Structures are given as structure tokens and as C-alpha cells.
1. Which pairs in the list 367/480; 202/457; 364/484; 270/367 are over 27 Å apart, alpha-carbon to alpha-carbon?
2. Name the long-range amide H neighbours of residue 436: under 5 Å, sequence gap of 5 or more, or other chain; modelled H, no Pro or chain starts.
3. Of 209, 239, 255, which is farthest along the charge dipole of region 185-280 in the positive direction, counting Lys and Arg as +1 and Asp and Glu as -1 at C-beta?
4. When the expected Rg is taken as 2.2 N^0.38 Å, what fraction or multiple of it is the alpha-carbon Rg of the chain?
5. Given H placed 1.01 Å from N in the peptide plane, which residues other than close sequence neighbours of residue 384 have an amide H under 5 Å from its amide H?
6. Per-residue counts of other Cβ atoms within 10 Å, averaged by peptide: what ranking do you get for 451-461, 397-407, highest first?
7. With a ≥ b ≥ c taken as the square roots of the eigenvalues of the C-alpha gyration tensor of region 72-114, please select rounded if a/c is under 1.5 and otherwise prolate if a/b is larger than b/c or oblate if it is not?
8. What shape does region 358-424 take by its C-alpha gyration tensor, where a ≥ b ≥ c are the square roots of the eigenvalues and a/c under 1.5 counts as rounded, a/b above b/c as prolate, and the rest as oblate?
Amino acid sequence: MINWKQDFRLLAFIQLVLGFFMLFPTLMAVYLKEEAALQGFLAAYGAMAIFCAVVFYLTRKIENHTLASRDGYLFVTFTWIIATTISAIPLVVSGSFVNYSSAFFEIMSGFTTTSATVLPEIESLPKSILFWRSETNWLGGMGIVVLFVALLPALGVSGTLLVGAESVGPTKDKLTPKIKTTAAILWSIYLLFSLLETVLLKLGGLSLYDAITVTFSTMAAAGFCVKNSSIGSFSSAYVDIVVTVFMMIAGANFALYFKAFSGRIKSVWKDGELRVYLGIWTTVSLLSAITLNYNNNYGSFWQSLRFSAFQSASIITTTGFATANYVNWPAFSQMLLLLLFFVGGCAGSAGGGVKVIRVATLLKMAKANISQRIHPKGIFRVRVGQNTMRPELLLSISTFFGIYIATGILGSVVISLSGADMLTSFAASFLCLGNIGIGFGSVGPTGNFAAFPSSIKWVCSFLMLVGRLELFTVYALFTKTFWKR
């Protein structure tokens with residue numbers, strides 16, 4: 001049975017946490033005298049206050065604090081929906097966005113670290129609004145619920161179900177016996193890398209405002225930028241290199257950093273998923289650089305490598321930054337980037353997508369099945385690195401991939417109803433589902449979602465949510481079994 005009172009009481013608490021983080025752009029709006037933006041933030045606080053007051057009043061008497069698995073799915077899904085609903089208010093009240101559908105799309109893109117945008121022009125918007133837009137990236141990167149569990153450990157409920165429903169990847173790393181301690185450790189590592197990148201970008205000549213907002217999106221493997229031409233606006237090889245390194249850091253399993261900081265370096269390098277992740281990025285970067293250099297797209301091989309390494313990192317980690325209009329690259333280089341659409345970051349990372357561990361496992365499964373056909377009596381186990389995959393995990397991975405592709409294709413069909421061409425429809429669907437942010441066609445590195453009707457923006461918002469919560473958490477709510485007593 002679903003514990004509605006407890007679920008909504010927790011939802012109200014998490015809005016208070018988000019309200020704290022909204023305080024920073026609100027104060028910025030006051031300091032910069034951005035009156036329209038300030039009105040937007042105050043309106044959001046008003047909506048937040050009403051929601052919390054009503055919920056706290058209706059749930060003032062709770063007899064049962066126990067949460068079941070269904071509560072975890074319901075709470076996590078509604079957390080992201082309600083957080084987006086309220087957080088979108090400043091964007092539309094300030095006049096920065098033409099309607100609420102566009103504002104909701106933008107904030108859902110922020111929280112899910114997708115970075116797809118409806119803005120054809122960015123730099124003219126109030127700085128406080130752009131700061132909040134980038135901050136939603138950072139909050140969504142490690143997970144809103146994970147942050148909630150880390151900051152509020154004394155709510156009388158277990159955070160294991162909540163974190164498990166939000167965490168990405170087929171396996172969940174529990175670094176310590178207590179899930180609250182694990183959540184705190186993950187966010188501490190996340191914050192440490194964020195501070196380090198901000199300092200390095202500041203040393204590279206960026207303003208503090210630019211350094212912080214770029215860091216927000218880099219460490220979240222997101223991709224919102226306060227510049228019209230994304231990272232390419234800075235025209236700096238140093239910035240490109242720093243962002244590339246931190247994108248790759250964000251796309252790796254954060255549990256490995258905990259092991260490294262704990263002195264277990266050898267176990268980190270033995271991680272099979274990490275090796276595949278780095279191997280794919282290195283291979284694609286080099287092949288693309290060779291192709292770009294051969295076709296004289298850039299002045300030298302090293303310049304080609306700079307752009308190919310950056311864009312390959314941006315796509316595989318599902319960040320969505322851009323330093324070049326890669327639709328003008330040779331078809332081979334574009335095809336390599338398209339293949340990265342179906343890889344994604346590592347499990348337990350800030351990145352989205354299918355995940356490297358699933359792709360590696362599927363390839364190993366294919367090899368095992370071929371060997372089984374040749375030697376029917378043989379026993380062939382699927383191993384990725386040091387880990388042997390259990391049969392139930394193999395089934396889960398296969399099911400996920402099938403539903404993922406089916407969802408992306410169905411999304412492409414629905415988006416095509418707007419009149420978009422086939423390439424744009426396909427790219428828009430999978431870039432939203434994979435939380436990638438940039439694609440091909442009209443939603444390429446120089447495009448956006450502004451031309452899509454409101455109905456399609458809501459469809460894309462749903463795809464972003466489903467992709468960020470890895471399908472099952474959201475889809476479970478649409479089954480009869482979930483609602484049976």
C-alpha cells in the first residue's frame with residue numbers, strides 16, 4: 001500500500017531544499033537590480049510556500065513512516081515533476097520565456113542534465129535567470145533525491161529505496177553501510193571536483209560567473225551555457241582541455257573516486273567499465289581527428305584532436321557542449337558521434353544514456369551466444385572486467401535496452417507529427433531520452449527546440465524524465481500492478 005502522506009510530506013521537504021538553492025540567483029537578481037527576474041523568483045517562492053503549507057497541514061498526523069518500493073518510485077518521479085513545475089515559474093514570470101510549456105521544457109532539460117534548449121538567443125537574458133538555469137544542471141547531476149538524503153538524514157525513513165529509484169546504472173554502489181553516508185560522500189566528491197574546475201577555469205581567464213556556470217554544467221554532464229555559441233564562445237584551447245577533462249571525470253563512476261581517495265588505486269584501474277569507457281572515447285577521438293586532419297577541416301592534427309576529443313567527450317558523457325559545428329565535419333566523423341548516442345556515461349556517473357556497462361555487457365552476451373551455438377554443451381559466462389554478470393542482471397540489461405530503443409523510436413514517430421524531418425525527429429527523440437542535449441538536423445549544435453509546438457515540448461519533457469530515471473522508475477507508475485493494494 002502506498003504511504004501517500006509520508007510521500008507528500010517528503011516531497012514538501014525536498015521543495016524546501018530546492019528553495020534554499022534558489023536563494024542564490026534570487027540574491028543575484030537583487031544585486032544586479034533585475035526586477036523582472038526577482039518577481040519571477042518571488043512568485044516561485046510563493047508557489048512553493050503554498051504547496052508546502054498545504055502538504056504539511058494535511059500530513060500533520062502520520063502514523064506510519066515505513067516506505068515500500070512503490071513509494072520510492074512514486075516519490076522520485078513526483079520529486080522531479082514538482083521540482084520542475086515550481087522551478088520553471090521564474091523563467092516565465094520574468095518574461096524570459098514566451099510560455100510555460102517552454103519554461104517547463106527548459107527546466108526539465110536542466111534538472112535531467114539534458115541541456116536541450118528552446119532559446120535561440122541566450123546572452124540577452126537576465127544573468128540571475130541564466131544562473132538558475134545552469135544551477136538546475138548541477139543539482140540534477142548527482143541527483144536531487146541523493147542530495148535530499150544527504151542533507152536531511154533525520155526524517156525517520158530509510159533513504160535506500162529513494163536513492164535506488166533515482167540512481168543510474170544496472171548496479172548500485174553502496175560505499176558505506178549507511179546509504180545516507182554514501183549520499184553525503186558522493187555529493188562531497190561532486191562538490192570537490194566542482195570547486196577544482198571553477199578554480200582552473202578562473203585561472204584560464206573566465207569571469208567568476210562564467211567559471212561557475214560552466215562548472216555547473218560540466219560536472220553535471222549537462223551542457224547549459226550562458227553563451228550563445230556554448231564553450232566555443234571562449235575560443236580558448238585551455239578552456240577546451242579543462243572542460244574535456246572534467247566532462248570525462250563526470251562521466252565516470254563516482255564510486256571509483258571514493259576508492260581512489262581511499263588508497264585503492266589498483267582496483268580503480270581494474271574496473272572493466274572504466275576501461276571500456278576510456279577506450280571508446282580515445283578510439284573515437286583519434287579516428288575522428290585523423291579524418292578531420294585528412295580532410296583539412298583544421299590547420300593541424302593537434303587542432304583536429306582538440307575539437308574531436310572535446311566533441312567525443314561531450315557526446316559520450318551526454319554533456320551536450322559544443323566547440324564546433326560538427327554537422328560540417330566529414331560523414332565518418334559524424335557517424336562516430338552518432339554511435340556515441342547509444343553509449344552514454346558509466347553507471348553511477350552524472351552522465352545519461354544507455355551506460356557503458358550495458359553496452360559492454362550486450363556485446364559480451366552476443367559473443368557468448370555465438371560461442372554457445374558453436375559449442376552447444378559449453379558453459380559461457382558473461383564477464384565485464386572482474387565481474388561475472390548474473391542471469392537476472394543480463395535479463396534486466398536486455399530488457400532495458402529493448403525498451404530504451406522502442407521508446408526512442410516511438411518518440412521519433414510522435415515528434416515527426418510536428419512536421420520535423422526524419423533526421424531531426426530521430427535526433428530530437430534520442431537526445432532527449434539519452435539526456436544528450438545536442439544532435440543533428442534542426443537540433444544540431446547550432447539549433448534548438450524553439451520551432452517545436454508546445455505539445456511536442458511536453459513529449460520531449462517526458463522523454464527527458466524517463467531517460468534520466470532510467471525508464472522503469474517512471475514506467476512502473478503506468479502498470480496495473482503498481483496500483484494494486
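1. As for pairs spanning more than 27 Å Cα to Cα, those are 367/480; 202/457; 364/484.
2. Those lying under 5 Å, H to H, from residue 436: there are none.
3. 255
4. Numbers: Rg = 21.9 Å, N = 485, 2.2 N^0.38 = 23.1 Å.
Against the compact-globule rule of thumb, the ratio is 0.95.
5. Excluding prolines and chain starts, which carry no amide H, the hits are 389.
6. Highest mean packing first, the order is 451-461, 397-407.
7. Judged from the Cα gyration tensor, region 72-114 comes out prolate (a/c at least 1.5, a/b above b/c).
8. Verdict is prolate for region 358-424.
Where a number appears in this text, it was derived from the coordinates with a stated rule and is not lab data. Computed from a predicted model, the values in this text were never measured in an experiment. All Cβ positions, glycine included, derive from the backbone under ideal geometry; neighbour counts span all protein chains shown.
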